[in-house]
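S.K.: Handing you a structure now.
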Amino acid sequence: MENLSKRKRDEMIAFLEFLKKQHSDDDSLMAINSIERELTAKKYGLIWEEHQEEVDKKMETHIPVFSEVPEYEVMEDEHNTTFNFLLEGDNLHSLNLLEKTNRGKVNIIYIDPPYNTGNKDFVYNDDYMQNVKSYIDNSGQLDYVGNQLEPNLESNGRFHTDWLNMIYPRIKISKDLLADDGIMFVSIDEHEISNLKKILTEIFGDSCYIGTLIIQTATDNNPGQIKIEHEYMLCICKNRNTLRNWENNKEETKYIQTEYERLKKIYCDDCEKIQDGLRIYIKKNSKLLKGITHYDNVDSKGVFHDGDIANTAFGGYEYDLIHPVTKKVCKMPEKGFRFPWDTMKRMLEEDNILFGKDETTLPKPKNRLEDVKDKLRSVIYEDGRSSTKRFELLMARDIFQNPKSDTILARLIEFICKDGDIVLDFFSGSGTTAEAVFNLALKDIKLKFILVQLQENLDESIKVATSKAKKAMTNAINFLDSIKKPHLITEIGKERIRRAGKQALEEYKRKRINLITNSEYKTFDIGFRVLKLDSSNMEDIYYSPAEYNQQTLFAKTESVKSDRTSEDLLFQVMLELGATLDSKIEQIEIKGKTIYNVATNYLVACFDNEIDDSVVTAIAKMQPQYAVFRDSSMADDSTVTNFEQIFKTYSPNTVTKVL
């Protein structure tokens, strides 16, 4: 049973007592008593007093939409197509809208939510009872529908409850968005890790919890007892039965392979000289080659590491292994061989066993360089200063506190994703996830990203920030002034995405300058669309009787708000009809009218005025699954009259919709 406040529980129990008086038969009483026992039973696990956020309550009566902001988007090809999106606005609203189009289609979700540290840097609407008037009176930070964002102080009696109420509904929708083989990673520190894990396992199920990563990126030299030098990343899946083993080719092996090939050109088939030269190179570059410096042997097949042939415990395989030179039985390991005879036989045939000078030396397996795999270990170390330095070289100094590592994130995504997969980050901050996706494109892993970030106003946030955060916010405001952008956190993210995309594209061109034509660079998608969470595109046409007068009655001939563009209407309709945001959108012209073709005839729409029979006929002949117009589009009464008959004639299965 979901979490209930004491007041709600008492109300339900009181109602059950009322029902007992109304229904005295045995069957009814047994059923009522069963419900009462469930309500009053002691609960184990994570239980808190659950309340709706104001933004969630707004969704019940005010359905938002996405409006395109074309002046902020980046397009890299002549067709103005991109499959990447930055959504500006409250992420709970955004997730609810995404659920209409991307349910079961997201392959990986990564979030770095605000940590519940008890200071003023964690802001969100935590006053679920405050009304709109008091928001205005308080003159605090507002989101697009007037919701105040407030700090969650440790002195607050609902310190954990508030954070749980914020994160729970967002993770619940996340599960619905994930594909069957989808994965979710959540960064967190020690303040809420235990509660976060309980929420994840409650929503996804215990069997879907994959594990906890420890991310060590800092050095703590502050006075105290235990030095905290790490954070956590919790990992959970939609369906464990669909998962494969996570392993990739280890990136560092290419350096040894390249040096081996260089030495081979010099020394040809002299394996001894190649090996000597390779060992000198490995010794000089040991930091670069961390974890694979032992791959320093060379034979006619290439580079290998001489492993261990002995079993790790008593009871290994026993058989005679003949030395190829002395023809005598080789020494057997005390615990037996680790490989069965069939495997050993195949390794002998493939020259993957290294023998000693005679039978008295234990043979060793040749572990080939090309078989080295990168596996996801539970502890990941990266000097946090390196990710900060990369961010500052790309952007500016000290404008964002502790940006997440794009290299760690790219590595995690690479274990999971394949070409065409969708990556979602709904606490996107400075846009680290977008840069990670661009980095993977350099390896020819072409992914799509959807980022969501609240338009946090830095001028307001700085008023309640700690001194450390205030310094970073001041620098961020100065940076935004230098590029002539509003003082919003989303502007930092957008600028980073632009710069990271441009940097990645230049690197892509440099590495392939002699391999591909200029037109092929267009497959490297660094574009992104910006959609802003907005109020409905439709006018409020429903009035109470007291509000009606003759003027309002006849003024509502147009149901679409006057400031909305055709693109705004298109994205609204896409959401309503289940077309994903990354669907291909072709824009064509028929008889001077702009026609949008979404996902190759899944949806065809025209929102221009003065549409006549010829335009309607042309659209009907395309035989789309859905055809959408606005109610003021038709040129005259004749077109309105003929509209239905035209579709019956040319495309009877098309579902038509008029806004």
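Here is a yes/no grid of residues against (1) within 26 Å of residue 494 (Cα to Cα); (2) modelled with pLDDT of 60 or more; (3) touching a helix residue (DSSP H, G or I) at 6+ places or on another chain (Cβ under 8 Å):
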position: 11; (1), (2), (3): no, yes, no
position: 32; (1), (2), (3): no, yes, yes
position: 40; (1), (2), (3): no, yes, yes
position: 86; (1), (2), (3): yes, yes, yes
position: 92; (1), (2), (3): yes, yes, yes
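S.K.: Here are the criteria: (1) under 21 Å from residue 483 (Cβ atoms); (2) of a type in the set (Phe, Trp, Tyr); (3) open to solvent by less than 40 Å² (accessible area, probe 1.4 Å). Tell me which single one residue 415 does not satisfy.
M.R.: Of everything listed in (1) under 21 Å from residue 483 (Cβ atoms); (2) of a type in the set (Phe, Trp, Tyr); (3) open to solvent by less than 40 Å² (accessible area, probe 1.4 Å), residue 415 misses just condition (1).
S.K.: If you take the residues in segment 86-106 that are surrounded by fewer than 22 Cβ atoms within 10 Å (Cβ to Cβ) and not in a helix (DSSP H, G or I), which one is nearest to the chain's Cα centre (by Cα)?
M.R.: The residue in question is 105.
S.K.: Given the criteria surrounded by fewer than 15 Cβ atoms within 10 Å (Cβ to Cβ), modelled with pLDDT of 90 or more and of a type outside the set (Gly, Ala, Ser), does residue 486 qualify? Can you show your working first?
M.R.: Working: surrounded by fewer than 15 Cβ atoms within 10 Å (Cβ to Cβ): yes; modelled with pLDDT of 90 or more: yes; of a type outside the set (Gly, Ala, Ser): yes.
In short, yes.
S.K.: Would it be correct to say that residue 332 is over 30 Å from residue 174 (Cα atoms) and outside any helix (DSSP H, G or I)? Working first, answer last.
M.R.: On the way: over 30 Å from residue 174 (Cα atoms): yes; outside any helix (DSSP H, G or I): yes.
Judged against the criteria, residue 332 is a match.
S.K.: Within segment 377-403, track down each residue that is under 22 Å from the mean Cα position of the chain (by Cα), of a type in the set (Val, Ile, Thr) and open to solvent by less than 70 Å² (accessible area, probe 1.4 Å).
M.R.: Passing the criteria: 380, 388.
S.K.: Considering only segment 547-580, state which residues are at pLDDT 80 or above and either outside any helix (DSSP H, G or I) or among the aromatic types (Phe, Trp, Tyr) (or both).
M.R.: Result: 565, 571, 578, 579, 580.
S.K.: Quick one: in segment 238-254, of everything that is part of a loop (DSSP other than H, G, I, E, B) and of a type in the set (Asp, Glu), which residue is nearest to residue 286 (Cα to Cα)?
M.R.: This residue is 252.
S.K.: For residue 260, state whether it is part of a loop (DSSP other than H, G, I, E, B) and buried (at least 17 other Cβ atoms within 10 Å of the Cβ).
M.R.: no
S.K.: Restricting attention to segment 592-634, report how many residues are under 21 Å from residue 565 (Cβ atoms) and among the charged types (D, E, K, R).
M.R.: Residues that pass the stated criteria total 5.
S.K.: Just to be sure, is residue 458 under 20 Å from residue 111 (Cβ atoms) and without any contact (Cβ under 8 Å) to a residue 40 or more places away in the chain?
M.R.: The answer is no for residue 458.
S.K.: Could you check segment 365-482 for strands (runs of 3 or more DSSP E) lying wholly inside it with 3 or more residues that are under 30 Å from residue 343 (Cα atoms)?
M.R.: The qualifying strands (runs of 3 or more DSSP E) are 373-375.
The values are calculated or read from the model by the stated rules, or taken from the named source; none is laboratory data. This is a predicted model, so every value here is computed, not measured. All Cβ positions, glycine included, derive from the backbone under ideal geometry; neighbour counts span all protein chains shown. Accessible surface areas use protein heavy atoms only, side chains included; no ligands, DNA or RNA. Shrake-Rupley method; radii C 1.70, N 1.55, O 1.52, S 1.80 Å.
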